[in-house]
Amino acid sequence: MTADLEQRTTGGSAPTRPRRRWLTPLLVVLMLAQMAVAMVTTAVQQTPTIDEPVYVGTAVTYLEQHSFHYNPEHPPLGKLLIAAGLAVAAPKLDPAFRGDQTALGRHVLYEAGNDPYEMMFWARLPLIVLTLLFGLVVFGFARDLVGRAGGLLALALYAFSPDVITHGSLATLDVPAVGFLLTAVWLTWRARHSPRVPLLLGLAGLALGAALATRMSVLPAVPVVLLLALLATTAWRRGVAIRERLQGLALVAGAGAVAIAVVWLSYLAVDPALRWTEPTGLPAMSGLRGLLTSLLPLPEAYRDGMRIQFAFEDSTFSGFLFGRHYQGSLWYYLPAALLVKTPIGMLVLWAVGSAAMLTVPRLRAAAPYVLVLPALLFAVAMTGARDFGTRYTIFLPMFLAVAAAAVLTLRWRWVRPAAGVLAGWVAVSSMLTFPYYLPYANEAFGGPTRTHLLLHDSNVDWGQDLGRLADHLRERYPGEQVWLVYKGAGVPAAYGIDAENPLKVPAEQVRGLLVVSDSSVAKATGRLAALLETSGQPIDEVGHSMRIYRRG
């Protein structure tokens with residue numbers, strides 16, 4: 001089907017010459033190679049972000065104690081991948097340690113005798129490799145729909161996406177969960193046009209289970225994926241015999257069973273005995289939430305983790321958008337943040353490609369596979385309680401990269417050159433922000449140097465620049481008194497930063513360099529706000545995420 005569709009798309013061009021057979025794999029390798037360089041460089045330079053020490057510490061307990069005690073609000077598969085990398089570093093953990101998961105992360109990275117740089121590199125490496133493999137899924141999905149040119153366009157958008165590079169290079173769970181979900185959807189699409197429907201739907205169930213075993217935020221996607229799997233069979237077609245309908249339903253049920261089995265296996269991989277004690281103070285659930293958590297055929301630890309996540313959604317957090325600090329959440333926060341954080345060329349290609357999928361007759365059958373899930377997950381994310389960053393919509397640059405390839409099916413002569421120019425613009429915009437992908441903002445909003453004026457938290461300042469700050473102070477301000485207000489999970493002294501807390505002394509005693517994380521600046525109140533008011537304009541910055549002031 002791919003070859004036929006590509007021939008129709010290109011107007012029935014002559015067979016590819018032998019030398020061009022190497023062009024597509026060469027371009028794929030080059031794009032993934034630049035992505036690998038970007039992610040590895042970022043992983044080496046950045047110190048732990050706020051969430052990573054918790055996952056790293058939990059992964060070490062998986063290796064050493066085979067316990068679900070820490071971080072039960074997230075299933076274990078993503079942390080098992082992190083543990084696979086950490087096993088190389090042979091991490092140390094004091095068996096007498098007692099504390100919460102935040103203290104655990106600090107203990108593992110900074111108190112147990114481990115090298116934090118080595119630990120973070122090995123923790124991040126498996127997820128970097130996985131992110132690169134998901135690039136092949138993006139390429140394959142788009143190639144199946146539009147042909148080789150579409151696959152290359154989709155891969156270019158994926159490989160140069162600042163958000164994907166950012167979160168694909170961290171020991172976090174967002175990219176793995178969505179990547180597995182995308183793989184499941186692609187396999188259900190391939191099953192529509194293959195005689196190997198049972199095999200492909202079984203593999204789709206495997207990928208769906210991996211997504212569920214990585215992050216619970218993909219739960220709303222499960223019925224959609226199973227419905228798409230049903231569309232891959234003949235059970236839904238008119239005039240089909242009852243036996244054939246039952247066979248199709250059985251295949252879908254089998255895929256669902258495989259997904260459930262993967263979740264169970266991920267817990268069994270941590271502790272074959274499945275020992276679990278309900279956390280103290282776990283909120284009771286009633287209504288639809290209570291029914292859902294009680295009926296799901298998943299481990300008790302998983303269902304209790306869902307209760308913790310529901311409790312998070314019932315909490316109130318603070319946010320920051322376009323200079324406004326507020327309490328609670330805004331329904332339009334994520335659309336606004338995406339306008340800032342997404343390359344302009346990518347936004348255009350997403351929009352035109354999505355429209356093409358809905359209007360080009362031969363692509364309409366694929367539209368539910370490519371567009372329904374990101375639309376559903378985006379609607380769910382917009383109702384969330386945590387306005388913390390576009391990482392909650394990481395499914396958009398992954399799914400919509402595939403949708404963007406559909407622009408090449410439009411028959412206007414200028415479409416291909418325009419798509420090439422827009423993709424090139426995305427690539428240039430991405431490379432210009434190297435290696436500061438996390439605080440990326442597009443040109444319409446002033447680039448990464450101005451992101452801190454518009455957004456906060458994982459959009460710009462997630463605690464990632466403590467190591468860069470240490471190097472900066474050592475090179476430019478040796479021997480000077482440093483006062484530090486740092487928002488992050490790192491320990492400044494572990495990186496050679498000798499700093500005092502300016503909020504513990506009278507303002508008139510704060511003299512020398514005042515360093516403040518941008519998220520703290522954005523949400524400053526009380527003593528910190530008063531201190532900043534008397535500190536003048538910043539004299540320097542680090543990583544586009546920390547401001548340096550000089551005080552009298």
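The values are calculated or read from the model by the stated rules, or taken from the named source; none is laboratory data. Values in this document were obtained by computation on a predicted structure and should not be read as measured data. Please note: Cβ atoms are built from the backbone with ideal geometry, for glycine as well, and neighbour counts cover all protein chains shown. Note: accessible area is taken over every heavy atom of the protein model, side chains too, but ligands, DNA and RNA are not part of it. Shrake-Rupley method; radii C 1.70, N 1.55, O 1.52, S 1.80 Å.
Numbers for the structure displayed
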| read-out | value |
| --- | --- |
| Highest-first arrangement of 207-217, 511-521, where packing means the average Cβ count within 10 Å | 207-217, 511-521 |
| Chain lengthening between ARG237 and TYR326 when straightened (0.36 nm per residue, less Cα-Cα) | 26.9 nm |
| Label-point gap, in nm, between ALA444 and VAL37 - each point 7 angstrom along Cα→Cβ | 3.0 nm |
| Relative contact order, percent, region 473-549 [alpha-carbon distance under 8 Å, six or more residues apart] | 30 percent |
| Of LYS79/LYS487; LYS341/LYS504; LYS341/LYS523; LYS92/LYS504; LYS341/LYS487, those spanning more than 31 Å from alpha-carbon to alpha-carbon | LYS341/LYS504; LYS92/LYS504 |
| For region 72-80, Karplus couplings with θ = phi - 60° (6.51, -1.76, 1.60), whole Hz, Gly/Pro x | x, 6, 10, x, x, 4, x, 6, 5 |
| Centre separation in Å (Cα based) which lies between region 204-279 and region 123-202 | 19 Å |
| Tail beyond 20 Å, pair distance distribution of region 200-300 (Cα, percent) | 50 percent |
| Cα pair count fraction exceeding 20 Å, expressed as % - region 378-485 | 60 percent |
| Antiparallel DSSP beta bridges within the chain, percent to nearest 5 | 70 percent |
| Sorted peptide list for 399-405, 416-422, criterion being average Cβ within 10 angstrom, highest first | 399-405, 416-422 |
| Taking region 395-512 and dividing mean pair separation by its residue count, relative contact order in percent (alpha carbons under 8 Å, at least six apart) | 14 percent |
| Principal-axis tilt of helix 52-64 within the chain, Cα atoms, nearest 10 degrees | 80 degrees |
| For region 122-281, with +1 on Lys and Arg beta carbons and -1 on Asp and Glu, the positive-most of ALA253, HIS193, PRO126 along the dipole | HIS193 |
| Region 512-544 versus region 318-357: alpha-carbon centroid distance in Å | 26 Å |
| 25 °C / 0.890 mPa s Stokes-Einstein diffusion coefficient of region 116-240, Kirkwood radius on C-alpha pairs, µm²/s | 158 µm²/s |
| By average C-beta atoms within 10 angstrom, highest first, the peptides 348-356, 271-279 | 348-356, 271-279 |
| Size-normalised alpha-carbon gyration radius of region 298-399, reference 2.2 N^0.38 Å | 1.30 |
| FRET efficiency for LEU246 and LEU133, using Cβ-Cβ distance with R0 set to 30 Å, rounded to 0.05 | 0.25 |
| Euclidean distance between Cα centres, region 25-92 to region 394-448, Å | 27 Å |
| Net charge, ALA366 excluded, C-beta distance under 13 Å - Lys, Arg +1, Asp, Glu -1 | +4 |
| Cα-projected label distance for ASP314 with LYS504, points at 7 Å along beta-carbon direction, nm | 3.7 nm |
| Full-extension gain in nm, ASP271 to ARG413, via 0.36 nm per residue minus C-alpha separation | 45.2 nm |
| The chain - accessible surface per residue (Å², probe 1.4 Å) | 42 Å² |
| The chain: C-alpha pair distances exceeding 38 Å, % | 31 percent |
| Distance between modelled label sites at ALA336 and GLU480, nm, 7 Å Cα→Cβ extension | 3.4 nm |
| Sequence-separation-based contact order of the chain, relative, with Cα cut under 8 Å and 6+ spacing, percent | 17 percent |
| Hydrodynamic radius (Kirkwood) for region 434-552, which is based on Cα pairs only, to one decimal in Å | 14.5 Å |
